[in-house]
Each structure stands twice: as structure tokens, then as C-alpha cells.
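Following: one structure in C-alpha cells, then a few remarks.
The values are calculated or read from the model by the stated rules, or taken from the named source; none is laboratory data. If you're wondering where the values come from, they're calculated on a predicted model, not measured in any experiment. All Cβ positions, glycine included, derive from the backbone under ideal geometry; neighbour counts span all protein chains shown.
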Amino acid sequence: MDLKDKFSELMRQRQGRLTHEMVLTPGRFGLGRTPERLQPDSTTSMVCGFCSTGCGLKIHLKDGKAVNLTPDPEYPVNLGMACPKGWEALTPLKADNRATVPMIRGGDGKLAPTDWDTALRLFTDKLKDTIARHGKESIAFLSTGQIPMEELFMLGILAKFGMGLVHGDANTRQCMATAHVAYKQSFGFDAPPFTYKDYEDSDVLVFFGANPCIAHPIMWERVMMNPRKPEIIVVDPRQTETALAATKHYPLLPKSDLPLLYGLAHILIREGWIDRDYIDAHTSGFQAFADHVKTYDPAAVGKLTGLGEARMLEFAQSLRPGKRVSLWWTMGVNQSHEGVRTAQAIINIALMTGNIGKPGTGANSITGQVNAMGSRLFSNTSGLPAGRNFQDADHRKEVADILGIDAAIIQQKPGLAYDQILDGVKEGRIKALWVIATNPAHSWIDQEEFRRAAEKLDLLVVQDMYHDTDTARLAHLVLPSACWGEKEGVVINSERRLGLFKKVSPAPGQALADFYIFKLIAKYWGCDSLLKDMDTPEQTFQVMSKLTVGRPCDISGIRDYKMIDEEGGIQWPYPAATVPAASPTDAAPAYPAASSAAVSSGPVRIDRERRLFEDGRFYHPDGKAKFQFGPPQPIPEPVTPAFPFALLTGRSSSAQWHTNTRTGKSAVLRKLYSADSYVEIHPEDASRLKIASGDWVIVRSLRGRARARASVASTVQPGHLFMPMHDVEVNRLTFPSFDPHSRQPSYKHCAVNVEKEG
Ligand code: SF4
């Protein structure tokens, strides 16, 4: 009997009220229906479900099911382009290891199919019993930037206000927490200021710890469309694909970026290459910052970074006022033991040179996951919805009033961060963990720590589209979920653009959209009245929209999903009374001011591509951006004689996505990346260790070992190794250290040794 037959059999046997209802009204629960808004044989548009670039795709339907796709030439993000992942976006849906029924681990240690009613009763009974015995802080959830914002929001509302849980985090902690905290402290709100058009409008583009050539290939294409013959500067210890294409590469020593930035600020101030008028009018704290960087003498910093003083001076000259300079960063900065201060040092350079709020400028964090920005704004984990704070009584009251709940049930401080939740599991304080659409048994830093922690849990629930991810293999209960293309919702890309997911394919078997899984859990838990105004994703979007009114991320001018679709995505903010420009020349001003009050008097026409801070006003109460800084900290795990190499990690191919659970399903994509794990090693080191390209080698850290093929190349410096983050072995090696402000893990540096397999 296959799983589908088993499901039918179980349905016949149980006839539980909700499961019966689900079978009889599949449309309501997303079971196998034809998309109600779409013609069976037609073409529709939606946003790609992989990365934060947020490309528009045309999906071609036959008999109500997606059969093919092409990049959308009208979409303002990708202009008709797609990377290999985008072209293959439909393939992972058809994989034969999709989770199609709920599964419970039995006494024999194996996962066995069950029905939704049994699964949800187990979920509810076990968790309620855990709370009764150990309190509400004994359960935590971990979610993801891969699901739409309505689902993230509903989870946060259900878990925190319905089930009363205190601790929940998302895998955005692993990629974007640093940028979130950096912007919030510097600008007063988590607000990436740019639009992709800035790639085309810059005279100088500086990439810190970013490799857009393969990590964000469509953004890189936008750089290539720049008509201004820009200078392209890459700051990275490794000679990445982007560094090879750059006009200048600064191969600094690992984790010396913060002193480098302070050294550059020192030169800019010393030489008078700053925008004094902008600093005086729009920033605070500059003098203290200038005093701080006085000690970062370029000669000393040149030595510390390995770049030398002359190259520091050359770099600073590229940042002089008079040119449009945009500064971009991603995981090389965010995933650092001092990521927040490093990101803020980049922001400081933009502020002091007046490179913000104008075309081709900005201190710009490129996000990773398709809905990382949505998670940052609405997940109700580290902050209340729409960028509010748990600690603020007014914010708690605003949220309570809009949701119609008692403000007293809202916790007065954020719960534990991801690493602290796992510490709680290891120490036995947290007994049950609910993991939604993420794969920490692969992706968590020092993954063996996660696996050891998981063994201690009384209940590990994994809600995922596959039943055999590294994490699902450890679960006691697996809840099968629908994927991108099988459900509706909104995601927010790197340039703050809201884009739409549509249901263009039925979910397999009994798999449900996470939205409806949360609705069912609320029903079984007995708190579904909390979600009474949220029967569909679009209704939920309207509730979320109300929560943004008057906030910097105000989207109350977006009427509905149709409007997002018709406009080709809409960037926040978009307050009520905003209307789109009829043509590119019809927009005045290009952006409604940072304060939504500026648009309350009447309609403001705006562009399809907008940047923030054009009026020079930021979100701190004084309207100014703040210079933030602090002393650099030592590398948490320096190299030693026993572990003499610094291991760098990163993306290695535009055809892979994170833990490969989806991209690994495509035969086309698999041909575009190495079938074996590999490690890059410099020719001098390889020669000394008698290692040749293609040899199997063992890389060891104090935490574990990884087997990989050697790739001898001068892309890395002597004493450095590089391994792709997508290989499961890599996080057996990484060292668990965290930025103290953002609690983001530092994946980019640990001490290892390497030898030829014996
Ligand atoms: Fe999809 Fe990102 Fe590729 Fe665009 S760049 S097609 S959003 S994976």
C-alpha cells in the first residue's frame, strides 16, 4: 500500500471532524485544488522562491498545473533574467521524497505514516503536558525566512499569543540578524536604504564579504548594466568570482575588516574627504567617532590587514566625495564575531561621505533568503510586528489593540536567540522544539552540537516539504508542508519589494500550506479565535497592513494581492494615499519622506524603484543617523601550530541553495556544481603537504572532521582553506562563536588542519 492509499484508508477509518472536513473541502485547506484565481491553461507571474533577489517568473499552466516557467521581462527586479536555480524552481516540487503524510516515530525508531488528526492530537497533548510539567519556557520554535510573511506572522501570533510560548527564533538569525541590529541602531529602524537601480547608477561599487557573481547573480547582472564604467572594488580574503571580475581586489587577512574600515575612516577624516554639511545636518555622534578612529594609523592598519599602507590610501581615494559610491555587504560581514560593528563601520563611511539617499549610493545589506526581510519585520520573535519592540509598553498596546488581545499576554522582553535556545535544550531547560522549514542538523554552526541537543529533546517536531532532511531524520513527528508554488503569500526582497507567491501546483498527498497547518494547530490548541480575522493569507495580509500604519514600513496603501501583482511588486514604505507613477517621469518626489506624516495630506506619486532617506531624515527621534562604533575584538578561534589553517566558508555555485534540500533534487543543477565536497588550498601549502588537485583530504578542527577533494588554487591565500557552505561536512568543523549584539553565528573563520587521506 503506498502512502496515498494509506492516507485514504486512514481517512475512511477515522472520519475525524477536521480531517473529514479537509477531505470534503480541499480548497479551503489547500489540498490538491486548482488555483482558484488562475485559468487552467494560462500564464501567470510570481516571485522565485529561492533567494532574496526576488526575481519575477512567468509560470505556464496546463490543466491548472505549472508545467514550465520563463523569467518575467516586465518585472523591475530581474528584467527577464534568471539564474540556474530560478530556471529550475519547479523541479523540487516533484521530488519523490516529498513529505506527503504526517509521520510519527514509532517504538522501532522508524517514522510511520499517520493522519492529521492523530498527529495534531499528539502535538497538542505532548506540548500541553510539557507546559504543565515544566512551564511555558520549556518549548521553543525555530522558523525560517523561506516562508511568506503571512505564515511567519501567523506562527508568531499563534505561538506567542495563542500557545503562550516565550522562545522562538528563525534561521534569519544565521544570515540577517547582524544587518537588522546594525540598521536599527544606526538608522533607528531596520531599513535597507537601496533599490537595485543603484547598482546601475554608481560610479564606485564596494563589495565587502560579498560574492554576487554567484551568490546573487541577477544583482551582478544589474552591476554589469551600469553605463557609468564603474570602479568595482571587492574586499575579501579570497579571490572570489566577483573579485576576479572587479577593477580592484583587496585581499585582506580574515576578520580584519573592522580595523580596515576604521583605518579608511581615519584617512578620509585626515584628508578632509568627508561631507561636513551632510554630517552636521543629518547625523549625530560624529565627533566621538572621529576621536575613536584617530588611533587607527594607516601604517599600523595596513600591517594588521595585510594590505599595506599604500593600498589603504589608494582605497580611501576611491571613496572621496564627488563620486557616487555604494557600499554593499553580505555574509562575510554578517556572519562574524563582530558583524554588527563591522556593518556599522560600513554605514559610517556612507554617512561621513554623504553617500546615502542619492542615486548610486548607500550602505546596503544584501539579504539571503527569499523572505529574510519579511521575517525581520513580522516574525514576532526578536521584535513585535512591524519593527516594534517587546520592551516598549506603547508598542505592546498598539499590537494588542489591533489584534484585539489583552496587552498583558505580550511578553515584555524578547525570548532567547537561536544559540540560547539550543543551550536551553542542552541544559534540559527546553524539552520540546518545533522546527519549521529549516534544516539546522546541517546548517547550524558546529552541527554536532545541534544533533547532541536534539537527542535530549522529549519532542522534536519538524514541519517540512521533505520527510528526510537531516533534521527530519531526527524528528519524533513530521508535519508535511506545501512548498513555494503550492501556496499563496507575500515575500519581501533585499530592496524592500513585496512580491507575490501563488499556488500554481497542488501540494502532494496530504501536505498543507504552513498557513493551514498553523490554523489547524490553533484549532486543536483551542486558541483559534485569535486568528478569526485571518482565514486566508490575503486576509492575514490585511491585518498585517493595519499593524504597519504610521510605522516606517507602512504598507497600508497596498490594497490587495492583485495590486502587488499588477505593479510588479511594491517596495515599502507605501502608506495610504500613495499612488504609483503613471510613467518613470511622472514621479515627484521619488520617495514619500521617511516619516509617513509627509504623505497624509494627499496622494504622492512614486517610482517603481525607490531608495530611502532622500530627504535626509532617519528614524531616530531627532531624525538623524547615529555613528556607532566599538573596539575590534580578537578572533574567537585563532590558528595554532596544531590547527594552522584558517577555514573560510561561503557559497560556491549559483546552482546551489543552502543545505541543498531543494537544489539537490534537480539533475540540471547537480551538473553545475561539484559532486564531491571540496576544499581550496593554496599551491604553496599543497606542495608542502604533498597534496594534488583531486586528492581526497581530511580537514579537522577541534570539533570534527570532513572528507573532501583538494582543489589546489591561488584563490585562497597561503594558510587559508575554503569550503562551500552547502556541503554537510562543513559545519562539523565550524566554531560556535556569536556576535554579542545580534547573536549571529560566525561561520567565516575557524582553525583547522588538513592532510592527505592516508
Ligand atoms: Fe531566483 Fe534568486 Fe536566482 Fe533570482 S537570483 S532566479 S530570485 S534564485
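Between Ser505, Ser481, Ser443, which is among the hydroxyl-bearing types (Ser, Thr, Tyr) and in the same structural domain as Leu165 (by TED's automatic domain parsing)?
Ser443
Within the range 99-118, is there a residue that is within 13 Å of the ligand (Cβ to nearest atom), outside any loop (DSSP other than H, G, I, E, B), not assigned by TED's automatic domain parsing to the domain that holds Ile517 and not charged (D, E, K, R)?
no
Of these, Leu79, Leu93, Leu69, which one is within 16 Å of the ligand (Cβ to nearest atom), modelled with pLDDT of 95 or more, within 30 Å of Thr172 (Cα to Cα) and surrounded by 17 or more Cβ atoms within 10 Å (Cβ to Cβ)?
Within the list Leu79, Leu93, Leu69, the selection yields Leu69.
Would you check if there is a residue in the range 680-691 being closer than 20 Å to Arg651 by Cα, over 25 Å from the mean Cα position of the chain (by Cα) and touching a residue at least 40 places away in the same chain (Cβ under 8 Å)?
Checked against the condition, which is being closer than 20 Å to Arg651 by Cα, over 25 Å from the mean Cα position of the chain (by Cα) and touching a residue at least 40 places away in the same chain (Cβ under 8 Å), the range 680-691 yields at least one hit.
Return the only residue of Ala191, Ala170, Ala177, Ala182 being touching a Gly at 6+ places or on another chain (Cβ under 7 Å) and either in contact (Cβ under 8 Å) with a residue 60 or more places away in the chain or farther than 18 Å from Phe518 by Cβ (or both).
Ala170
Quick one: count up the residues across the range 480-493 that are out of contact with any Phe, Trp or Tyr (no Cβ under 8 Å at 6 or more places or on another chain) and either under 23 Å from Met103 (Cβ atoms) or small (Gly, Ala, Ser) (or both).
5
Helices (runs of 4 or more DSSP H) wholly in the range 384-474 with at least 2 residues that are over 22 Å from Gln369 (Cα atoms) - which ones?
Where helices (runs of 4 or more DSSP H) fall fully within the range 384-474 and carry at least 2 residues being over 22 Å from Gln369 (Cα atoms), they are 393-403, 418-426, 447-456.
Go through the range 46-66 and give me each residue that's within 10 Å of the ligand (Cβ to nearest atom), assigned to a strand (DSSP E or B) and hydrophobic (A, V, I, L, M, F, W, C).
Passing the criteria: Val47, Cys51, Leu57.
Any residue at all in the range 135-147 that's under 25 Å from Val101 (Cα atoms), in a helix (DSSP H, G or I) and not assigned by TED's automatic domain parsing to the domain that holds Ala345?
For the range 135-147, residues under 25 Å from Val101 (Cα atoms), in a helix (DSSP H, G or I) and not assigned by TED's automatic domain parsing to the domain that holds Ala345: absent.
Only residues that are under 12 Å from His467 (Cα atoms) and without any contact (Cβ under 8 Å) to a residue 40 or more places away in the chain: list them for the range 93-109, please.
Listed by number, the list holds a single entry, Asp96.
Go over the candidates Leu304, Leu327, Leu351 one by one and state the one that is within 17 Å of Ile274 (Cα to Cα) and touching a Ser or Thr at 6+ places or on another chain (Cβ under 8 Å).
Step by step, each of Leu304, Leu327, Leu351 is checked, and only Leu351 is within 17 Å of Ile274 (Cα to Cα) and touching a Ser or Thr at 6+ places or on another chain (Cβ under 8 Å).
State yes or no: is Ala350 in contact (Cβ under 8 Å) with a residue 12 or more places away in the chain, over 22 Å from Ala191 (Cβ atoms) and not hydroxyl-bearing (Ser, Thr, Tyr)?
Spelling it out, it is not the case that Ala350 is in contact (Cβ under 8 Å) with a residue 12 or more places away in the chain, over 22 Å from Ala191 (Cβ atoms) and not hydroxyl-bearing (Ser, Thr, Tyr).
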